[in-house]
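Q: The structure's right below; bear with me while I get my questions together.
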Amino acid sequence: MSAKIITFISRLFMFISSIFLVLMMLHVTADVFMKYFFNSPIEGTFETVTFYYMITVVFLPLALVELRNEHIYVDLFVRRFSNISQQWIYIFACLIGIVYFSILSYQTFIDALKATAERETVMSNYLFYVWPARWALPIGMGCMVLALALNIGRAFQTGKALEPQKDEEQA
C-alpha cells in the first residue's frame, strides 16, 4: 500500500474523529442545558458518549498521530547514541509496535465480528446497540500497523530515527 493512500486514510479517520469530537461536545452541552434549564436531560447521552464518541475519538486518529511522530516518547539515553544506533532502535520499536497492534487488531476484529453477529446491546432505558462502535478498534489499530510499517520505510530512506515534525512539514 502506498504512502499516499495510508496518509489519506489516516487523515480521513482524523477528520471523522474530529466530527465525532464536535458531536460529543454539542451532545453533552445540549444534555447539560436540557438538564439544568428544563429538568429533562437527553436520554442516552452517557451511552452515546461512552460507546460511540469516546471510542471513535481515541482509536481512529492513532495512525495519523504515528505518521506525524507525535506519540509520547522518551529518548533520555537513546539521543546520546549514534544515528545508526538510533535508527535501528527506532525500527526495532516499530516492529514491536507492529506485533502489538497486529495482535490487538486481530482480537478486536474477532470481538467486533462477535458483537455484530449478536447485535450487542448494553443495559439502558431503551434498546441501545453498541456493536457498530466495536469496529472502530480494529480499524484504528489496523491503520496503526500500516503507519508503523510506513515509518519503518521512512527510517530506512532517511537513514535515521524519525523525530516529531514541525507543523508545516506534517503528513
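Q: Looking at SER105 and the list (1) of a type in the set (Ser, Thr, Tyr); (2) over 25 Å from PRO132 (Cβ atoms); (3) touching a Pro at 6+ places or on another chain (Cβ under 7 Å), which single condition is not satisfied?
A: So SER105 meets the others, but not (2).
Q: For region 1-42, what are the residues that are modelled with pLDDT of 95 or more, charged (D, E, K, R) and under 28 Å from MET144 (Cβ atoms)?
A: Scanning region 1-42 gives a single hit, ARG11.
Q: Separate question: Would you point out which residue out of ILE84, ILE72 is of a type in the set (A, V, I, L, M, F, W, C) and touching a Lys or Arg at 6+ places or on another chain (Cβ under 9 Å)?
A: ILE84
Q: Considering only region 42-64, I want to know if a residue exists there that is surrounded by fewer than 13 Cβ atoms within 10 Å (Cβ to Cβ) and either on the phi < 0 side of the Ramachandran plot or within 16 Å of the chain's Cα centre (by Cα) (or both).
A: no
Q: Given the residues ALA112, ALA136, ALA117, ALA147, which is the only one that is at pLDDT 95 or above and either of a type in the set (Asp, Glu) or surrounded by fewer than 19 Cβ atoms within 10 Å (Cβ to Cβ) (or both)? So that I can check it myself, show each step before the final result.
A: On the way: ALA112 fails: either of a type in the set (Asp, Glu) or surrounded by fewer than 19 Cβ atoms within 10 Å (Cβ to Cβ) (or both); ALA136 fails: either of a type in the set (Asp, Glu) or surrounded by fewer than 19 Cβ atoms within 10 Å (Cβ to Cβ) (or both); ALA147 fails: either of a type in the set (Asp, Glu) or surrounded by fewer than 19 Cβ atoms within 10 Å (Cβ to Cβ) (or both).
Unique residue meeting the criteria: ALA117.
Q: Among the numbered conditions (1) surrounded by fewer than 16 Cβ atoms within 10 Å (Cβ to Cβ); (2) under 16 Å from ILE55 (Cβ atoms); (3) within 16 Å of the chain's Cα centre (by Cα), tell me where TYR106 comes up short.
A: Of (1) surrounded by fewer than 16 Cβ atoms within 10 Å (Cβ to Cβ); (2) under 16 Å from ILE55 (Cβ atoms); (3) within 16 Å of the chain's Cα centre (by Cα), only one is false for TYR106: (2).
Q: Would you check which residues across region 115-131 are among the β-branched types (Val, Ile, Thr) and touching a strand residue (DSSP E or B) at 6+ places or on another chain (Cβ under 8 Å) and list them?
A: Passing the criteria: THR121, VAL122, VAL130.
Q: Are there any pairs, at least 6 apart or on different chains, whose C-beta atoms fall under 6 Å, with the first in region 72-87 and farther than 18 Å from LEU148 by Cβ and at pLDDT 90 or above and the second among the aromatic types (Phe, Trp, Tyr) and part of a loop (DSSP other than H, G, I, E, B), and if so, which?
A: none
Q: Given PHE8, PHE37, which one is exposed (fewer than 14 other Cβ atoms within 10 Å of the Cβ), over 20 Å from THR158 (Cβ atoms) and more than 24 Å from the chain's Cα centre (by Cα)?
A: Numbers: PHE8 fails: more than 24 Å from the chain's Cα centre (by Cα).
Unique residue meeting the criteria: PHE37.
Q: Quick check on my filter: what residues within region 100-143 are more than 18 Å from GLU47 (Cβ to Cβ), of a type in the set (A, V, I, L, M) and touching a Ser or Thr at 6+ places or on another chain (Cβ under 8 Å)?
A: MET141
Q: Here's something else I'd like to know. Check off (1) within 25 Å of MET24 (Cα to Cα); (2) out of contact with any helix residue (DSSP H, G or I) (no Cβ under 6 Å at 6 or more places or on another chain); (3) among the aliphatic types (A, V, I, L, M) for ALA117 and give me the number that stays unchecked.
A: ALA117 satisfies all of (1) within 25 Å of MET24 (Cα to Cα); (2) out of contact with any helix residue (DSSP H, G or I) (no Cβ under 6 Å at 6 or more places or on another chain); (3) among the aliphatic types (A, V, I, L, M) except (1).
The values are calculated or read from the model by the stated rules, or taken from the named source; none is laboratory data. From a predicted model like this one, the values you see are computed outputs, not experimental measurements. Here Cβ is always computed from backbone atoms with ideal geometry, including for glycine, and neighbour counts include all displayed protein chains.
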